[in-house]
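Trainee: Dropping a structure here in structure tokens format, bear with me for questions.
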Amino acid sequence: MSLPAAPLADERIFVGLGANLGDARATLEAALAALAALPDTRLMARSSYYRTAPVDAGGPDYLNAVAELRSSLAPEALLDALQAIEQQHGRERPYRNAPRTLDLDLLLVGALRLDTPRLTLPHPRLHQRAFVLAPLAELAPELAIYGLGDVSTLLAACADQRIERLSPR
């Protein structure tokens, strides 16, 4: 399967950020700065921070946010860049859903649908997670995700998940 070309310059790209080890707020601030510094990439907006309980795991609460980017990087190149930022912050993957110093998820690249061994777009579980949907709805309340529905309706379906919006930035 050939990989898709770089996104168009005006396509909205959304990245989920999360951390629940160490100084999560400082880590997310550093990660946002690193996203803004990526080549051929602009940080357009960022959501408030949200405190959430871990999903399908134990450990301390997470601090989550979503960033909106524009980038001419191809999706897998952007994924590589996100994983490099995670590594710079000591990300380890000892087991599925382990607590983490930093988690960066490529959620959406415009309306692109992609399913490769390394990357699935839209992110395969974004529609099930309030910690993604609440900050995403803050940035793009009108957003409709192909095959899943609009962000507001998806968020309402996650009403049983504990989430708290913290003071803006």
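The values are calculated or read from the model by the stated rules, or taken from the named source; none is laboratory data. This structure is a prediction, so every number in the text was calculated from the model and none was measured. Virtual Cβ from ideal backbone geometry, glycine too; neighbours counted across all protein chains shown. Heads up: the accessible areas ignore ligands, DNA and RNA and are worked out on the full protein's heavy atoms, side chains in. Shrake-Rupley method; radii C 1.70, N 1.55, O 1.52, S 1.80 Å.
Trainee: Against the condition open to solvent by 20 Å² or more (accessible area, probe 1.4 Å), within 18 Å of F14 (Cβ to Cβ) and part of a loop (DSSP other than H, G, I, E, B), how does A45 come out, does it pass?
Mentor: On the way: open to solvent by 20 Å² or more (accessible area, probe 1.4 Å): yes; within 18 Å of F14 (Cβ to Cβ): yes; part of a loop (DSSP other than H, G, I, E, B): no.
For A45, the condition - open to solvent by 20 Å² or more (accessible area, probe 1.4 Å), within 18 Å of F14 (Cβ to Cβ) and part of a loop (DSSP other than H, G, I, E, B) - is not met.
Trainee: Here is a further query. I'd like the full set of residues that are not hydrophobic (A, V, I, L, M, F, W, C) and not in a helix (DSSP H, G or I), limited to segment 121-157.
Mentor: The initial filter retains those residues of segment 121-157 that are not hydrophobic (A, V, I, L, M, F, W, C), namely 122-125, 127-129, 135, 138, 141-142, 146-147, 149-150, 152-153.
The answer is P122, H123, P124, R125, R129, P141, E142, Y146, G147, G149, D150.
Trainee: Out of D160, D103, I need the residue that is modelled with pLDDT under 95 and more than 22 Å from A31 (Cα to Cα). Which one? Lay out the reasoning, then the answer.
Mentor: Values: D103 fails: more than 22 Å from A31 (Cα to Cα).
Among D160, D103, only D160 is modelled with pLDDT under 95 and more than 22 Å from A31 (Cα to Cα).
Trainee: Something else about it: Among the residues of segment 48-79, which ones are closer than 16 Å to L107 by Cα, open to solvent by less than 30 Å² (accessible area, probe 1.4 Å) and in a strand (DSSP E or B)?
Mentor: Within segment 48-79, N64, A65, V66, A67, E68, L69, S71 qualify.
Trainee: Could you list, in sequence order, the residues of segment 98-118 that are loosely packed, with under 15 Cβ neighbours inside 10 Å and acidic (D, E)?
Mentor: Residue satisfying the conditions is D115 alone.
Trainee: Scan (1) surrounded by fewer than 22 Cβ atoms within 10 Å (Cβ to Cβ); (2) touching a residue at least 12 places away in the same chain (Cβ under 8 Å); (3) in contact with a strand residue (DSSP E or B) (Cβ under 9 Å, 6 or more places away or on another chain) for the single condition Q88 breaks and write down its number.
Mentor: (3)
Trainee: Mind counting the residues in segment 16-42 that are in a loop (DSSP other than H, G, I, E, B) and either out of contact with any Asp or Glu (no Cβ under 9 Å at 6 or more places or on another chain) or surrounded by fewer than 22 Cβ atoms within 10 Å (Cβ to Cβ) (or both)? Even if it seems obvious, please write down each step before you answer.
Mentor: Quick first cut of segment 16-42, residues in a loop (DSSP other than H, G, I, E, B) only: 20-23, 37-40.
Of the ones still in play, those that are also either out of contact with any Asp or Glu (no Cβ under 9 Å at 6 or more places or on another chain) or surrounded by fewer than 22 Cβ atoms within 10 Å (Cβ to Cβ) (or both) are 21-23, 37-40.
Residues in segment 16-42 being in a loop (DSSP other than H, G, I, E, B) and either out of contact with any Asp or Glu (no Cβ under 9 Å at 6 or more places or on another chain) or surrounded by fewer than 22 Cβ atoms within 10 Å (Cβ to Cβ) (or both): 7 in total.
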